[in-house]
Amino acid sequence: MIPRVLTIAGTDPTGGAGIQADIKAISEAGGFPLSVVTSLVAQNTHGVRSIHTPPQDFLLAQLDAVFEDVQVDALKIGMLGGAQTITTVAEYLRDHPVAPVVLDPVMVATSGDLLLDREAEAALSELCAQADIITPNLSELAVLAQASPARTLEEAIDQALPLARRWGTGVVVKGGHLSGSADNALVSPEGAVHRVPCPRIDTPHTHGTGCSLSSSLATRLVLDASPAEALAWSTRWLAEAIRHGGDLHVGGGNGPVDHSHRSRRLSAQASTAPWPLPTEFAPQPNPDDSWAAGPWTRALWELAQTPLGETYALDFIQQLGQGSLDRGDFLFYLAQDSHYLLAYSRCLARVASRCDLPEHATQWAHDAAACLEEEAQLHRSELGALTGEVSPITLSYTAFLAATADSGSYAEAAAAVLPCYWLYAHIGLYLTDEVTPDHPYAPWLSTYGDADFLAGTRQAIARVEHALEQASPAERLRAARAFVAACYFERDFFAQASRR
């Protein structure tokens, strides 16, 4: 089902807030947006210049045009402006009931100035009782609670509890303007509190976040099993939109969030276009600091710069290093890594069996055993016995490795398993600079930044260098293609947790 979600709000000609943001958010959350304009606002990323409110008859004409023709599955209410508009909307909804209704009680400007007079505040308080959920910012919550603005999320929750009980309405408490984490919390009319963790993102580009969260939430309330799940989805989506808002370069002030970043990311990651694998392979002299053991492994590393750079740039990798990665994403990754390690160990054993140099064969076999004995222990300590089903990406990657180890030459098989050493070692070193004793993912990062793992990686690179030296030109090219393909698989393996 694609929910038809109506937004009743003002406009923003620069697209970051108001109805323009609502339309983007509803679409990104999986709904079909409908819109009714309360006020025409001349604003940009620097602020509001003027507001024009059409006559109430025109507002009613818009509402009639929608409700007489379209089934409305959810409603988001944003800027209403004055008591007359609030009363018009409240009366219309009594005659045309919709559920769920999410109200973003726009009462206080970012500057702290009150946008409503006393009469309008009283009317808006009554409208809160008609909503299923309200999403005030901290200043608006303080006005509704007749209190000073909260300084902590706990204080804000305490302000929300009596409001939720009085109106029979859920209250979303937003921590974006507090210090520390930017967690949100859903306070139910029964007094239950569900907290949704969210990392703080250091950026000025947060224009329209309130509009966007409430519109996404209205949509997800139709699609998800519970309000808590709907808030979790919306919080996660909006955090990604905030994180990448600066890349839009819209306006010279507090810019908008990137509403469609998630959709573009998922679209790119779903592409079935063949990877650009090398069609020729030549040695590269003067190995650099990539740990290449010689000209052939240096050439491998150079060929793989595109997937390697894309891997480092993944939000998953960046947030892993910062310690802000969603715990569910990390556990999903570990579960898939457990499946991967079982298959990877078998591939290493197969590589060992095909190696003619006893010393190198012994090292491959040792790594196959260590892969299970040491790294899998980390996964068991985090996951217990629950690993879930293997994902399509994990299955594809391990099937590729198994097929290469079974049917390719020794050089090809050795090159295919090498990225799991080399890339993890680089990521481990790249991220361990940010690890502190209280880092939530310190055990994982320490494993791949460990001196023994790094030494084992250098040995594996040296073994592949030797294999390429002994291989024929045709075998070397196939080995290079296998190495680059495995690097693309590694990129997708890391990215998959963010695609759930």
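The values are calculated or read from the model by the stated rules, or taken from the named source; none is laboratory data. Values in this document were obtained by computation on a predicted structure and should not be read as measured data. Backbone-built Cβ (ideal geometry, glycine too); neighbour counts: all protein chains shown.
Suppose we filter the range 200-211 for residues that are part of a helix (DSSP H, G or I) and closer than 11 Å to A241 by Cα; how many remain? Full working, then the answer.
Filtering the range 200-211 down to residues part of a helix (DSSP H, G or I) leaves 209-211.
Restricting the remaining residues to those that are closer than 11 Å to A241 by Cα gives 209.
Residues that pass the stated criteria total 1.
Among the residues of the range 167-175, is there at least one that is modelled with pLDDT under 95, closer than 24 Å to G323 by Cα, in the same structural domain as W237 (by the TED database) and surrounded by 21 or more Cβ atoms within 10 Å (Cβ to Cβ)? So far as the range 167-175 goes, yes, one or more of its residues are modelled with pLDDT under 95, closer than 24 Å to G323 by Cα, in the same structural domain as W237 (by the TED database) and surrounded by 21 or more Cβ atoms within 10 Å (Cβ to Cβ).
Scan the range 397-416 for residues that are farther than 17 Å from Q470 by Cβ and either surrounded by 19 or more Cβ atoms within 10 Å (Cβ to Cβ) or touching a helix residue (DSSP H, G or I) at 6+ places or on another chain (Cβ under 7 Å) (or both) and jot them down. Even if it seems obvious, please write down each step before you answer.
If we filter the range 397-416 for residues that are farther than 17 Å from Q470 by Cβ, which is where we start, we get 397-407.
Within the range 397-416, Y397, T398, F400, L401, A402, T404, A405, D406 qualify.
Scanning the range 188-199 for residues that are touching a residue at least 24 places away in the same chain (Cβ under 8 Å), assigned to a loop (DSSP other than H, G, I, E, B) and touching a strand residue (DSSP E or B) at 6+ places or on another chain (Cβ under 9 Å) turns up S188, P189, P197, C198. A residue that is within 29 Å of the chain's Cα centre (by Cα), charged (D, E, K, R) and in the same structural domain as C487 (by the TED database) occurs somewhere in the range 427-437. Screening the range 345-383 for residues that are assigned to a helix (DSSP H, G or I), under 23 Å from S407 (Cα atoms) and in contact with a Phe, Trp or Tyr (Cβ under 7 Å, 6 or more places away or on another chain) and picking the one that is modelled with the lowest pLDDT gives C371. Within the range 430-486, the set of residues being in contact (Cβ under 8 Å) with a residue 40 or more places away in the chain and in contact with a Gly (Cβ under 7 Å, 6 or more places away or on another chain) comprises L431, E434, H439, P440, Y441, L445, E465, R478, A482.
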